[in-house]
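Undergrad: To start, I am sharing the structure in question, which I have written as structure tokens.
Computed from the coordinates by the stated procedures, all read-outs in this text should not be read as laboratory data. Note that the structure is predicted; figures quoted are calculated from it, not measured. All Cβ positions, glycine included, derive from the backbone under ideal geometry; neighbour counts span all protein chains shown.
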Amino acid sequence: MDPFTVIAMLAIHLLGTAGLLFLVWRLMPAAPGLAAWWVASGLFGLAYLVRLVVGMEHGDGVGVAADSLMLLAVLRFGDGVREFTGRAAWKPAATFIAWALAVSLEAAATVAFGAQGRYTVLNLAIGGLYAHLAWTIAVEVGRQPRPLRAPLRLLALLMGGLSALTLVRAHSLFADGMAVAFHGPLAKVYYMYASTNAVVVGLTLLWLLFLRLNGQLADLAARDPLTGVLNRQGLDERVRRHFERPNAAPLTVMLLDIDHFKQVNDTHGHATGDAVLMAVARTLVSHLRTGDFVARVGGEEFLIGCAEGAHPDDAMVLARRLNEAVGQLQVAAPGNAVPVVCTVSVGVSGRVASRADWEAGTRQADRALYQAKADGRNAVRPAVVSHAA
Ligand SMILES: Nc1nc2c(ncn2[C@@H]2O[C@H](COP(=O)(O)OP(=O)(O)OP(=O)(O)O)[C@@H](O)[C@H]2O)c(=O)[nH]1
């Protein structure tokens, strides 16, 4: 394939990808990285388009201007990667300096050596940026949620390959002259790889976005929107996953109910009632230990799963600690000088060793909670477990 056709195809792929990412971004403007990625893809496509229009081997200002778009594109791509993975963004000044430095070096090389100087510096700069990107993504693989790791690995690999090829190309351009840029085996391999990348990178970005959104949706479906703790569906899933593990620790079920919560609503209003629910949920979460979990299972009722054996304290100790901590809460009520205080009653089950015993454990905790309420509230009661065969 002649270089003109290859570069035309590259421009079409990149502009097409930019259009697709742009349409997705219009629907999800808050999706991290997406705004930078569609701009990067568009700039890259535009740079190739300009190259086609002005001619590829120009050693002049127009060529340098087209290349400056390409450098900007790689920098924007990096911005998107950092945003998506939650890494600190480069300061705009740092990005501008990196870009201006590369463009100035390229302009100086163009003046001194013509097209050969221009292409050598461009490939060096872009190859270096790709290497940095490959490294940044590779570092993130271990830090990101498990489902994102495969596409991130692929992206790191693609960037690494592109970096290696671009740097080899820079060396060949410097050593052998302009002919190697568009003709011969290296040019063939380079443009084949670049064409494949233009398609695969765009798809990988969409793959990453899909996985991220899928995770967020699953999280939304599993959590109570008011308090952020698990809802019933999330709880079922959590218990199922817990007991699926080999050598899963037994669990203790704790049911915790806010006392006289109706009065809080009736006296201070529903919004204050909501604030109390949020404060109680935060307190419970802050006291959880590794392996424990909390769910909102009713209006003012929470369930805590305590992983047995993983902690020096047993569930009763945790239950008393939670009862005390909630009792110390003071929740501001709008229009009321005195903050709202509340207490909780807690019922604690016996050990639950398997998924099949979970419902029975929940019933035990419920009976113990009933006992705590019957004993005057603000109390913790263990289940009375019958050992009859
Ligand atoms: N603010 C607020 N109130 C809720 C929510 N869900 C349920 N409630 C209220 O919680 C109250 C529960 O009242 P009851 O079941 O009578 O229980 P209680 O007043 O806590 O009494 P005891 O449990 O017997 O101590 C009701 O007034 C519900 O309207 C919610 O999401 N927000």
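Undergrad: Need a quick list: strands (runs of 3 or more DSSP E) entirely within the stretch 272-352 having at least 2 residues that are crowded, with 23+ Cβ neighbours inside 10 Å and either within 15 Å of the ligand (Cβ to nearest atom) or of a type in the set (Gly, Ala, Ser) (or both).
TA: Of the strands (runs of 3 or more DSSP E) lying wholly inside the stretch 272-352, those with at least 2 residues that are crowded, with 23+ Cβ neighbours inside 10 Å and either within 15 Å of the ligand (Cβ to nearest atom) or of a type in the set (Gly, Ala, Ser) (or both) span 293-298, 301-307, 344-352.
Undergrad: Sticking with this structure for a sec: Let me spell it out: the conditions are (1) more than 16 Å from the ligand (Cβ to nearest atom); (2) surrounded by 15 or more Cβ atoms within 10 Å (Cβ to Cβ), and Leu256 meets all of them except one. Which number is the exception?
TA: (1)
Undergrad: Name the residue, out of Arg321, Arg296, that is of a type in the set (D, E, K, R) and more than 19 Å from Asn231 (Cβ to Cβ).
TA: Arg321
Undergrad: On to the next question. List the residue pairs whose Cβ atoms are under 8 Å apart, where the first residue sits in the stretch 83-98 and is free of Cβ contacts under 8 Å to residues at least 12 places away in the same chain, the second is not in a loop (DSSP other than H, G, I, E, B), and the two are 6 or more positions apart or on different chains.
TA: From residues that are free of Cβ contacts under 8 Å to residues at least 12 places away in the same chain, the pairs are Ala88/Arg82; Ala89/Asp79; Ala89/Arg82; Ala89/Glu83.
Undergrad: Give Ala356, Ala337, Ala365 a once-over and let me know the one that is touching a residue at least 12 places away in the same chain (Cβ under 8 Å), at negative phi and out of contact with any Pro (no Cβ under 9 Å at 6 or more places or on another chain).
TA: Sole residue among the options that is touching a residue at least 12 places away in the same chain (Cβ under 8 Å), at negative phi and out of contact with any Pro (no Cβ under 9 Å at 6 or more places or on another chain): Ala365.
Undergrad: Would it be correct to say that Phe22 is under 31 Å from the mean Cα position of the chain (by Cα), surrounded by 18 or more Cβ atoms within 10 Å (Cβ to Cβ) and under 30 Å from Gly142 (Cα atoms)?
TA: No; evaluated as a whole, the condition is false for this residue.
Undergrad: Testing Asp266 on (1) among the charged types (D, E, K, R); (2) within 15 Å of the ligand (Cβ to nearest atom); (3) part of a helix (DSSP H, G or I); (4) surrounded by 14 or more Cβ atoms within 10 Å (Cβ to Cβ), one condition comes back false. Which one is that?
TA: Answer for Asp266: the failing condition is (4).
Undergrad: Within the stretch 138-147, is there a residue that is small (Gly, Ala, Ser), closer than 26 Å to Gly55 by Cβ and outside any helix (DSSP H, G or I)?
TA: The answer is no, given that none of the residues of the stretch 138-147 is small (Gly, Ala, Ser), closer than 26 Å to Gly55 by Cβ and outside any helix (DSSP H, G or I).
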